[in-house]
Structures are given as structure tokens and as C-alpha cells.
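The values are calculated or read from the model by the stated rules, or taken from the named source; none is laboratory data. If you're wondering where the values come from, they're calculated on a predicted model, not measured in any experiment. For neighbour counting, all protein chains shown are included, and Cβ atoms are generated from backbone atoms with ideal geometry for every residue, glycine included. With ligands, DNA and RNA removed, areas are computed over all heavy atoms of the protein, side chains included. Shrake-Rupley method; radii C 1.70, N 1.55, O 1.52, S 1.80 Å.
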Amino acid sequence: MTNNIAEKRRQQEEEDDEEDGDLDGWGERSYADERSWEALQEDESGLLRPLDNKAMYHAQYRRRLRSLSTASNSQRIQKGLIRFLYIVLDLSRAASVMDFRPSRMAVVAQNVEAFIREFFDQNPLSQIALVTIKDGVAYSLTELGGSPESHIKALMAKLECSGDSSLQNALELVHEYLDKIPAYGNREVLILYSALTTCDPGDIMETIQKCKKSKMRCSVIGLSAEMFICKHLCQETGGLYSVALDESHFKELILEHAPPPPAIAEFAIANLIKMGFPQRAAEGSISICSCHKESKVGEGFICPRCKARVCELPTECRICGLTLVSSPHLARSYHHLFPIAPFDEVKPSRQNEPHRRSQKTCFGCQQSLVNPAILIVLSQAINPAFKLLVQNANSTFALTVTFTFMRACTIAQVARALELHSQAPLHR
């Protein structure tokens, strides 16, 4: 009996020691993963203070976008508005490495979701497809389409890492699909590569030359280290190659591919593209969707040529091959053809400078720049009354009268405030 009690006590002590070791190891790993020492900076007095990394990264992103827009405006570069982009995700065993928190696969999935939404916001006439690399084989996850939700749903359902990566198999699969794209579309490939090796069945150099001949623009973002074959692929096809340093840098690199790139000179010739503007299907109508071969009730759009039903826009009709878009898609693509010139922010304290005294209103919104404080006070005073009138309006006519009345009152009060401000003595 005594031996049994001593044996149990010894086993309990060993288990407690193992748990303490695991906790110590976990605490050390979490401290190393947090990288808290990188978020400190020494100020003038020699004290350590935290850095505002979000503001710094946002400022860097805005500066890079401004420099890109300035360069495109000065050189008048024509951009491809109809893009067909294949996103290739490396889901080999290298994607499970935890140097990116919590893992490379999780960081890639999170940023790809944000990129897909930003891509369709910037390119409403374009389409995306997803391809994964796993066990040395390339798999087509989704076909070309314009619905961000369908791509994100399919991606989140297939997040598993295994085997080796094969860059050649991915390029062969993407080349097979993009080679059928019409000449007016931009053929692009964005590869998010985690591995340091590629297990290919043949000569990858021949595959790269095939991609170059088909006018495919291949870009690679590496998550481990620079690879010669990835750099050579980007140089041959005119793409961009970069290596992410951390999670925020990876997000910045992938979002740089959202705006449309410069069009290839051979495809930059102006040509007419036949498009259809479908109408939304009537509520309660039952028909078979040509996309998924399923019967649906009151959803989708009707092709104006063959009267087939499709689920989403933009897309290509599966029956007659007509490109189907909506008028808002064309309107949202217009700003890429004639982008707004970059402007310099002017603070209110600089309004009294001699060369700025003649500028009384904003060029964009026509708001007064004389005394912004007056407008703020007026808006704070008007908003409660305006909200009360809108809540009590019980018809469309009452709402129209309310908006008209409040607009007239606002214009009169602002004019009176500006007049009083101009008559007041200046304190120098």
C-alpha cells in the first residue's frame, strides 16, 4: 500500500514538472512571437516609448500609391481594365511553418480574402480564379468569376497543407486556362510561394517561355527567401517579384497588385468589345442557372441575347458567350482611364499665406476654406434638428420638403456666419 502511494506521488510530480516545462516553453515562444522589442523607440530624453506601427504602415502605403499614380499620370500609361487573374497559393508543408503568426497558411488566407475584396472594388470588370499547390500537384479551386464571396468560401474550405510544391505544374495548369482568354483581356498570375524548392516533372524553363509567348504576366510574392527561378519567371514575363519580411509587409505587397497594371503594348490597341447589360430576374420566377446547372427562384440575371440565367456579374454567358456586365461596373472603371491628379494637403494654419489668400473654396467639393470652425459649429447645431424632422416625416413628400427646408437654412446660416467673420477685426 505504501509503495503504491509513493509511486502515484512520484508520477504526479513528474506530470507537474512536464506541465511547468510546457508552460515555460509556451511563454518563451509567445514572447518571441510577439516581437515586443521591435515596437519600441528611444525618444530625446532617453526613454523608451511604443511605436504607432499602423499609422506608419498606412503612411508608407499611401506614399507608394501616390508615387505610382504620379508616375502613371506623368507618362500617360494605358492600363488594362479587363483583367483575368489567377491566384496560385502554395499549400505545401512549407505553408505550415509558424514564422508568420499564427502560420504562413493562416496569414496567406487572411490577406487573400482582403485582396479579393479590394481587387473587385478596384476592377469591377475583371475576374479571379484560385489554384492551389499541394503534394506536388496543382488543383483548380475555383473557375474565373466575379463573385468575391464564392472565391472566399471555396478557399476557407480547403485550407490544408501537405507534400511538396511544384511551380511548373501550377504554371502549366494556369497556362492551359489563360491561353483561351480573348486578346483584349490582361492575363495575369499572382503566385504566393512559401517553399524554398520546387519539385517539377519536366523542364520549367520551357514552361516559362510558353507563358512569355502567351503574354502572361506572372508575379511572385515569397514568404521564405529569394529564389532564382521565381525571380527569373518574373523577369521573363514582366511581373513583380518580392519577398515579405513580416505579416504587415506581406499585406502591403499583395495589395499593390489590386490596381490595374500597365497594359502590354500589343494589347493596348483600341478595339470594340461586344457586351450585354442583363436585367435582374423577376421575383418568384423559377429557372435553371446556366452557371451551376441548378434551379433557382428569383435570383440572378437574364442574358439579353439568349435569355439564359446567370448568378453574378460580370461574367460570360455559358450559352451564347456574350460578356455580361452592368452599367455601374463601367462607371467605376472610368477613374482608371482618367485618374485624379495627386494633391497636396493644406492645413488651416497655412491659409493666410500670400499665395493662398485668393483660394476661398475647395476645388473638389466647393466647401469654404475661410474658417472651417464655423462650419463645424453650424453642423453640430443643425444636425439634431435635422434628425428630428426626418424621424417625424411620414411620407416621401414630407421628406422632400424637410430636405429642401434644411438645405435653405444651412446655406443662409453659413452665408451669414461668413459675412460676420469677414466684418470682424483681424487679430495679428
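For V189, the residues 5 or more places off, or on other chains, whose built amide H falls under 5 Å of its own are Y86, R217, C218, S219. Computed over protein heavy atoms with a 1.4 Å probe, the carbon and sulfur contribution to the accessible area of region 130-286 reaches 54%.
A Förster distance of 30 Å, applied to the separation of the beta-carbon atoms of L196 and R332, puts the FRET efficiency at 0.15.
Over region 173-282, the Kirkwood radius and the radius of gyration, each from Cα atoms, give a ratio Rg/Rh of 1.05. Take the residue pairs K158/K210; K180/K210; K180/K212; K134/K158; K180/K215 and return only those whose Cα atoms are more than 18 Å apart. As for pairs spanning more than 18 Å Cα to Cα, those are K158/K210.
Label-to-label distance for S285 and D246 is 5.5 nm, based on points extended 7 Å past Cα in the beta-carbon direction.
Which entries in the list K153/K296; K153/K231; K79/K231 go over 26 Å, if you measure between the two C-alpha atoms of each?
K153/K231
Mark the label point 7 Å from the Cα of R117 along Cα→Cβ and return the residues of region 139-176 whose backbone N is within less than 18 Å of it. Only 146-157 fall inside the zone, counting backbone N under 18 Å.
Counting only other residues whose beta carbon sits under 12 Å from that of I152, what net charge do I get with K and R as +1, D and E as -1?
Taking every Cβ under 12 Å from that of I152, the sum is +1.
Approximating the spin labels as points 7 Å out from Cα along Cα→Cβ, the E299-to-A183 distance works out to 3.9 nm. Positive contributions from Lys and Arg (+1) and negative ones from Asp and Glu (-1), summed over other residues with Cβ under 15 Å from the Cβ of G222, come out at -4.
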